[in-house]
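Worksheet: one structure, shown below.
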Amino acid sequence: MSTNGTNKKKIQPSYLDKRNVVNKAYLIEPIIRHRIQDSLFYKQYLYLTNEATILPIIIDQINYIAGTDSIGKPSPFLSCLFRLLELDPSQEIIDTYLTQLGYNEFKYLTALILIYIRLTSSANVIYSTFDKYGQDFRKLRVKLRTPEFSKEGLPINYKLSFMDEWIDSLLNDERVVNIILPRLVPRLSLVESEILEPRKYYLDSDASEDDETETNNDIHHQQNNSDDFESDSD
C-alpha cells in the first residue's frame, strides 16, 4: 500500500501581498471601486485629472474623512484616494503632497496621503513615515456611516478625531474607510532585523512640560487668590 499521499506535508500557501498589483486601484474592492467610478463626484471632478490638477480638488472638496455611507455612496475622500491609486504618482510627488513644501497647511491632504502610503508602501517606509506625524494633534472631522442621536434626539453625523488617532487606526485596524488594509509586518520584527530603529516615545518630555505647566498654574492661582483676598479686605 502506498503511503506517499499520507506522508506528503501540506504546503501552506504564501501570503499574496495586495500591494503587488499592476493597477493599484485594485487595492480597493470591486464593488466600492465600481460605485466610485459611477458616482457623480468622480465624473464631475476626478475624471481625466492628473497629478497636478487633482491637488486643488483635494484641497477644495475634502473637508472630512469618510468611506461610504449607509446606502453605499462613496465620499469625496474615498473617491480622491481611488483616483490617486489610479494615477500612481511618483515617490517625489507623494513626498511633495505630504510635506507640502514644508508648510504642512492642508491637514486632509496629509491624511489622504498617509492612507495612500499605508496601502502602497512597504512596512519600514510606513513606520518611518508615520513616526514623523506621531506628535501631530490637528483636529479632523470624521463622518459617521450612520448618524447617532444625542439625548435631545438630534442627529450627530460627525465626530471629532485627531491626526495621531488617524495614524493609530491605520496601523492597528484591519479596515479603514471601508477599505481592507494590506497586512503589516510587526514593528518588532523589523527592529530585531535592524531594518528599522526602535520607536521613540515622548512621555518624558510631555511629563516634564506638564509639570512645568502645573507649577506655573499653581503660582498663578496663588497670586489670584492673594489678589482676591486683598480686594475683599478693601
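Only the coordinates and a few stated rules stand behind these numbers; no lab work does. Fair warning: this is a prediction, and the values are worked out from it, not measured in the lab. Reconstructed Cβ throughout: ideal geometry from the backbone, glycine too, with neighbour counts over all protein chains shown.
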Among LEU114, LEU46, LEU190 - extreme Cα towards positive end, dipole of the stretch 16-195, charges at beta-carbon: LEU46
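By how many nm would the segment from THR53 to GLU174 grow when fully extended, if each residue of separation counts as 0.36 nm and the alpha-carbon distance is taken off? Walk me through the numbers on the way to the answer.
Values: separation 121, 0.36 × 121 = 43.56 nm, distance 3.14 nm.
Here the answer is 40.4 nm.
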LEU87 versus ASP60: modelled label distance in nm, points set 7 Å from Cα along the beta carbon direction: 1.4
Residues listed by number, the stretch 71-86, amide nitrogen under 16 Å from HIS34 label point at 7 Å toward C-beta: 72-74
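Ranking ARG83, ARG138 by Cβ neighbours within 10 Å, fewest first, what do you get? Mind showing how you got there, number by number?
Numbers: ARG83 21, ARG138 15.
Going from least to most buried by this count: ARG138, ARG83.
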Cα-based convex hull volume of the stretch 16-195 per residue, rounded to whole Å³: 140
